[in-house]
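Before any comments, here is the structure.
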Amino acid sequence: MSTSGLRLVWVYPDLLSTYGDQGNVLVVERRAQQRGLRVERVDVRSDQPLPTSGDIYLIGGGEDRPQRLAAERLLRDGGLTRAVENGAIIFSVCAGYQIIGHEFINDLGERQQGLGLLDVISERGTGARCVGDVLGDIDPQLGLPQLTGFENHQGITRIGPAARPLAQVRLGNGNGTGDGTEGAWNGTVFGTYMHGPVLARNPQIADLLVKLTLDVNALPPVDDRWYEALRTERIAAATAPA
Ligand code: GLN
């Protein structure tokens with residue numbers, strides 16, 4: 001982290017920001033500020049160069065065509081790859097998750113190269129679109145409470161040996177490969193199918209990103225009552241009998 005504070009980069013809000021994903025930026029910003037950190041937030045549109053000196057890069061979901069455009073521009077730009085080489089943290093959602101993998105199927109039905117920052121490959125699922133609430137158990141290595149989120153995707157994602165599932169679903173589809181996995185992570189790079197926005201529903205994940213930035217194991221507690229109320233409501237809604 002630089003002396004100017006925690007540098008938070010919101011990648012391509014003009015192309016990748018569906019289902020409230022912008023809330024993820026607000027949550028990380030707020031929770032870092034509550035810990036007394038100065039936060040410099042940079043929103044980078046797809047016609048601008050991506051700074052390589054960010055601490056945390058957040059990438060949202062998107063429809064199929066904006067997803068193709070975003071992947072093309074990110075590959076051409078190269079900044080995200082350099083940022084990860086510098087130790088930056090990436091937290092990506094849905095289309096963003098597919099883009100940072102090796103490849104995905106684009107809106108033209110073609111295989112499209114991703115950034116290869118996470119060992120996952122996405123295909124187009126042949127079954128029904130995965131839509132709805134999700135509950136899952138997060139990888140015990142991360143020491144986080146139950147995952148709650150909302151998914152809406154046609155793509156399905158397979159995890160390679162250099163990444164681990166972010167969670168195992170109890171409800172919903174997650175990666176959609178039938179193995180119960182949801183999302184993937186490796187080191188400082190995270191991907192998930194969860195919208196919602198996921199960090200408002202799982203503030204402990206936002207705290208994990210801040211802890212990784214500071215290289216600390218714990219942060220001072222903050223008032224989590226609002227988040228807990230939201231979590232309780234969403235978990236109850238997800239598990240209520242139809
Ligand atoms: N277009 C991608 C899919 O359907 C991502 C969708 C999204 O980001 N919500 O799989």
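No value in this document is a laboratory result; all are computed from the given coordinates. What you see is a predicted model, and the numbers here were worked out from it, not measured in a lab. Virtual Cβ from ideal backbone geometry, glycine too; neighbours counted across all protein chains shown.
Quick notes on this structure:
- Enumeration of residues in the stretch 4-17 that are touching a strand residue (DSSP E or B) at 6+ places or on another chain (Cβ under 9 Å) and either within 16 Å of LEU214 (Cα to Cα) or crowded, with 19+ Cβ neighbours inside 10 Å (or both): SER4, GLY5, LEU6, ARG7, LEU8, VAL9, TRP10, VAL11, TYR12, LEU16, SER17
- Elements of type strands (runs of 3 or more DSSP E) contained in the stretch 90-191, each with 1 or more residues being away from the ligand (no atom under 13 Å from the Cβ) and basic (Lys, Arg): 111-113, 155-159, 164-171
- Condition check for ALA218 on (1) surrounded by fewer than 22 Cβ atoms within 10 Å (Cβ to Cβ); (2) more than 16 Å from the ligand (Cβ to nearest atom); (3) in contact (Cβ under 8 Å) with a residue 24 or more places away in the chain: one failure, at (3).
- Scanning the stretch 135-167 for residues that are aliphatic (A, V, I, L, M) and either closer than 15 Å to GLY196 by Cα or without any contact (Cβ under 8 Å) to a residue 24 or more places away in the chain (or both) turns up LEU135, LEU147.
- Residue ID - surrounded by the most Cβ atoms within 10 Å (Cβ to Cβ), chosen from residues in the stretch 27-53 that are among the hydrophobic types (A, V, I, L, M, F, W, C) and in contact (Cβ under 8 Å) with a residue 60 or more places away in the chain: VAL28
- Sub-9 Å Cβ pairs linking a first residue in the stretch 102-114 that is in contact (Cβ under 8 Å) with a residue 60 or more places away in the chain and of a type outside the set (Lys, Arg) to a second residue that is surrounded by fewer than 18 Cβ atoms within 10 Å (Cβ to Cβ) and assigned to a loop (DSSP other than H, G, I, E, B), at least 6 apart or interchain, number zero.
- If the condition is being within 11 Å of the ligand (Cβ to nearest atom), farther than 16 Å from ARG111 by Cβ and crowded, with 21+ Cβ neighbours inside 10 Å, then the stretch 54-69 contributes ILE59, GLY60, GLY61, GLY62.
- Lone qualifier among GLY172, GLY180 - being in contact (Cβ under 8 Å) with a residue 24 or more places away in the chain and over 25 Å from ALA83 (Cβ atoms): GLY172
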